[in-house]
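Colleague: Below: one structure in structure tokens.
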């Protein structure tokens, strides 16, 4: 055992972590308002998602990085993996060129995983809810937004939402009104609802419902002029929602002005990297403010075509308003990081990921670790590569030898 630990410390350490994090796991979903696990909603994971859980969960964890935590993780893990590769290559007496090439393998793997998290098609969890209401996304983009993924069409947006259990989504491109005249393409059951995201003075405002174009110049220059947009949206018969992270970054002390001006709600979860660092204490303050004034609180994927998974779903009555008309279900992995310093991300993000595993995912992880450990640890003859074939040949050969051994009568 000591020799196994010395030769394969990463695998043994991972097994220990998988067992330790199972002692106090995170629930797959939490109600972002109450902080408790919902009793009438859960995540349904496809078979392939669970079968390849180490890859699936890693890509999810990379998708749910706040911007600052992603930078810290990239820098630290690049340096650590490069140093590990260089030391290992040097101990094998390789040439300087081989040492450099080996040192670059780890950082290259980190970059490739990041790219895969953004663009690689893969199975993803979907929300299954037994409660009343529609599974809804209040904030999503197509290529019509200046920062939307090129070629990201309404059909792509509809497919992205359907895979994850959404039944409807508001299309809220930056300063481009979607009036609903172009419904979801044929073959999709999801409803695409009218909306827009107005970029105003230090604030983005999502407007949903029967919206019309506005002159944004009328709401620029100051916070007092900007908040007048809420009344203008109300006159159109639409609803206005203050978006993250702008009201947190720029107007944290002025939210009462939003309320007095007629805002209809606040985002309390937003899956964009710039918004995932939203701290839980401020989230609670916004929830309390909304509760006192009977305002909506919503979650937003803020999908721009990058990444395959969402961190939040809403179960709500489309077009309704008020504090109790919408429930926000979020993945804890996306919520907990807001209370941790960015420099802790290289260690805490893997820890949160392992704590959030379901039992089926945890078993998949353990199985893959054992398989790879066997592949690496089985003894082999000189010149023979490692592999499970060695195990099969050894077991089969031992069985044949036992069968062919002469029978001896005990004396």
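The values are calculated or read from the model by the stated rules, or taken from the named source; none is laboratory data. The structure presented is a predicted model; accordingly, all values stated were derived computationally and were not measured. With ideal geometry, Cβ positions are generated from the backbone for all residues, glycine too; neighbour counts draw on all protein chains shown.
Colleague: Could you check the stretch 254-304 and list, in sequence order, the residues that are on the phi > 0 side of the Ramachandran plot and more than 27 Å from the chain's Cα centre (by Cα)?
Modeller: Across the stretch 254-304, the qualifying residues are 262, 294.
Colleague: If you don't mind, another one. Are any of the residues in the stretch 30-40 part of a helix (DSSP H, G or I), touching a residue at least 40 places away in the same chain (Cβ under 8 Å) and surrounded by fewer than 19 Cβ atoms within 10 Å (Cβ to Cβ)? Step through it out loud before you land on a result.
Modeller: Just the residues of the stretch 30-40 that are part of a helix (DSSP H, G or I), to begin with: none.
No, there is no match, as no residue in the stretch 30-40 is part of a helix (DSSP H, G or I), touching a residue at least 40 places away in the same chain (Cβ under 8 Å) and surrounded by fewer than 19 Cβ atoms within 10 Å (Cβ to Cβ).
Colleague: Take the residues in the stretch 112-143 that are part of a helix (DSSP H, G or I) and in contact (Cβ under 8 Å) with a residue 24 or more places away in the chain, then tell me which one is surrounded by the most Cβ atoms within 10 Å (Cβ to Cβ). Walk me through how you get there before you give the answer.
Modeller: Of the stretch 112-143, the ones part of a helix (DSSP H, G or I) are 112-119.
Adding the requirement that they be in contact (Cβ under 8 Å) with a residue 24 or more places away in the chain leaves 113-114, 116-119.
Values: 113: 17, 114: 16, 116: 16, 117: 21, 118: 15, 119: 11.
Here the residue is 117.
Colleague: Something else about it: For residue 223, indicate whether it is closer than 16 Å to residue 272 by Cα and in contact with a helix residue (DSSP H, G or I) (Cβ under 9 Å, 6 or more places away or on another chain).
Modeller: Numbers: closer than 16 Å to residue 272 by Cα: no; in contact with a helix residue (DSSP H, G or I) (Cβ under 9 Å, 6 or more places away or on another chain): yes.
No; evaluated as a whole, the condition is false for this residue.
Colleague: Among the residues of the stretch 313-325, is there at least one that is under 14 Å from residue 35 (Cα atoms) and in contact (Cβ under 8 Å) with a residue 24 or more places away in the chain?
Modeller: Step one: filter the stretch 313-325 for residues under 14 Å from residue 35 (Cα atoms), giving none.
Scanning the stretch 313-325, I find no residue that is under 14 Å from residue 35 (Cα atoms) and in contact (Cβ under 8 Å) with a residue 24 or more places away in the chain, so the answer is no.
Colleague: Still on this model: Restrict the check to the stretch 224-236 and report whether at least one residue is touching a residue at least 12 places away in the same chain (Cβ under 8 Å), under 25 Å from the mean Cα position of the chain (by Cα) and not in a loop (DSSP other than H, G, I, E, B). So that I can check it myself, show each step before the final result.
Modeller: Kept after step one, since they are touching a residue at least 12 places away in the same chain (Cβ under 8 Å), are these residues of the stretch 224-236: 224-234, 236.
From what is left, the residues that are under 25 Å from the mean Cα position of the chain (by Cα) are none.
Checking the stretch 224-236: not a single residue is touching a residue at least 12 places away in the same chain (Cβ under 8 Å), under 25 Å from the mean Cα position of the chain (by Cα) and not in a loop (DSSP other than H, G, I, E, B).
Colleague: Got at least one residue in the stretch 210-226 being crowded, with 18+ Cβ neighbours inside 10 Å, touching a strand residue (DSSP E or B) at 6+ places or on another chain (Cβ under 6 Å), in the same structural domain as residue 297 (by TED's automatic domain parsing) and under 22 Å from residue 286 (Cα atoms)?
Modeller: Yes, the conditions are met somewhere in the stretch 210-226.
Colleague: Additional query: Under 21 Å from residue 125 (Cα atoms) and either modelled with pLDDT of 95 or more or part of a loop (DSSP other than H, G, I, E, B) (or both): is that true of residue 160 in this structure?
Modeller: Values: under 21 Å from residue 125 (Cα atoms): yes; either modelled with pLDDT of 95 or more or part of a loop (DSSP other than H, G, I, E, B) (or both): yes.
When the stated conditions are applied, residue 160 passes them.
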